[in-house]
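Taking it in order: structure first as structure tokens, then the write-up.
The values are calculated or read from the model by the stated rules, or taken from the named source; none is laboratory data. Not measured: the values here are computed from a predicted model. Ideal geometry is used to build each Cβ from the backbone, glycine not excepted, and the neighbour counts take in all protein chains shown.
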Amino acid sequence: MSDPILDLKGVGFDYGSLTVFDGLDFTVARGELVVCVGPSGCGKSTLLSLLGGHLKPSRGELVRRGVSRTIYQSGGLFPWLTVRQNIAGGLPRGTSKEVATKKVDEWLEITRLTDFANHYAHQLSGGMRQRVEIARALAGETDILLMDEPFSALDYQSRQRMRKELSSTLAERPRTVVFVTHDIEEAVQLGDRVVVLGIRPTNVRKILELPTSRPRTPATPGVAEAEHTIMEELGLT
């Protein structure tokens with residue numbers, strides 16, 4: 001892979017005497033959606049903090065060729081702002097009012113939120129709030145979007161819809177994404193590749209290539225086999 005946007009070589013990270021990562025190696029290409037899946041407590045959120053530059057590796061090398069933004073599972077909308085105002089808050093500083101209005105209108109249309117532009121967060125469903133989060137993050141025109149189990153609080157049907165929403169949004173506005181989850185089904189339905197992480201001290205157990213089309217369904221060729229492989233790597237079979 002030439003000039004990856006994220007490149008980890010032998011990355012280790014310690015919290016005091018606790019080794020979280022040891023010898024972490026993988027790359028992410030520009031425009032790729034990579035999903036990291038692993039057991040609870042393996043350090044998935046810590047990994048995003050490293051990728052986003054909020055933490056520094058204790059050893060090894062981590063190269064980031066671009067600016068990142070993170071979407072957290074707990075959500076981060078400002079409750080006193082409308083949908084339009086929340087999305088506008090993600091735009092680069094210094095954006096003129098005219099340009100801001102045009103860009104926000106575009107993102108409202110892309111995420112099918114135009115009719116809810118003047119609503120507040122408490123007036124939206126969980127899935128709609130996540131769409132606002134995605135629109136705000138992507139409106140910022142950052143190179144890398146880091147997603148920390150953003151759909152975990154949603155019910156099953158809402159999670160399925162959000163996977164489709166994310167895929168369709170990225171089809172219109174491509175971006176590099178690193179998405180962490182404990183949900184194996186979610187991983188194989190969304191990712192171009194899946195990085196399987198082991199227990200602490202965590203390293204990469206396996207990297208799987210997925211079929212080109214997305215989002216995928218359980219019936220998509222290769223999906224069931226990928227799920228089984230991940231379960232085997234995690235000791236779930």
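For the stretch 169-191, taking the residues that are more than 14 Å from the chain's Cα centre (by Cα) and touching a residue at least 24 places away in the same chain (Cβ under 8 Å), the one that is nearest to PRO218 (Cα to Cα) is identified as GLU185.
Scanning the stretch 45-69 for residues that are assigned to a loop (DSSP other than H, G, I, E, B) and either outside the structural domain of PHE21 (by TED's automatic domain parsing) or touching a residue at least 40 places away in the same chain (Cβ under 8 Å) (or both) gives GLY52, LEU55, PRO57, SER58, ARG65, GLY66, VAL67. Of the residues GLN130, GLN189, only one is buried (at least 21 other Cβ atoms within 10 Å of the Cβ), not assigned by TED's automatic domain parsing to the domain that holds PHE78, not in a loop (DSSP other than H, G, I, E, B) and not aliphatic (A, V, I, L, M); which? Every option except GLN189 fails the conditions.
When restricted to residues that are closer than 21 Å to GLU133 by Cβ and crowded, with 20+ Cβ neighbours inside 10 Å, the stretch 45-73 contains 6.
The selection criterion, being within 21 Å of PHE21 (Cβ to Cβ) and without any contact (Cβ under 8 Å) to a residue 40 or more places away in the chain, holds for LEU208.
Quick check, is ARG216 among the charged types (D, E, K, R), over 19 Å from the mean Cα position of the chain (by Cα), assigned by TED's automatic domain parsing to the domain that holds ASP7 and not in a helix (DSSP H, G or I)? Criteria not met by ARG216.
Of everything in the stretch 12-44 that is more than 17 Å from the chain's Cα centre (by Cα) and at positive phi, the residue that is surrounded by the fewest Cβ atoms within 10 Å (Cβ to Cβ) is GLY16.
Applying the criterion of being over 15 Å from the mean Cα position of the chain (by Cα) and either of a type in the set (S, T, N, Q) or farther than 16 Å from ILE71 by Cα (or both) to the residues of the stretch 133-159, the residue that is surrounded by the most Cβ atoms within 10 Å (Cβ to Cβ) is SER158. For the stretch 79-101, the candidate set comprises residues that are of a type in the set (Lys, Arg) and assigned to a helix (DSSP H, G or I); within that set, the residue that is nearest to GLY126 (Cα to Cα) is ARG84.
For the stretch 203-237, residues that are touching a strand residue (DSSP E or B) at 6+ places or on another chain (Cβ under 8 Å) and at pLDDT below 85 total 2. Condition test on ARG175, is it under 29 Å from THR142 (Cα atoms) and either modelled with pLDDT under 85 or of a type in the set (Phe, Trp, Tyr) (or both)? The answer is no for ARG175.
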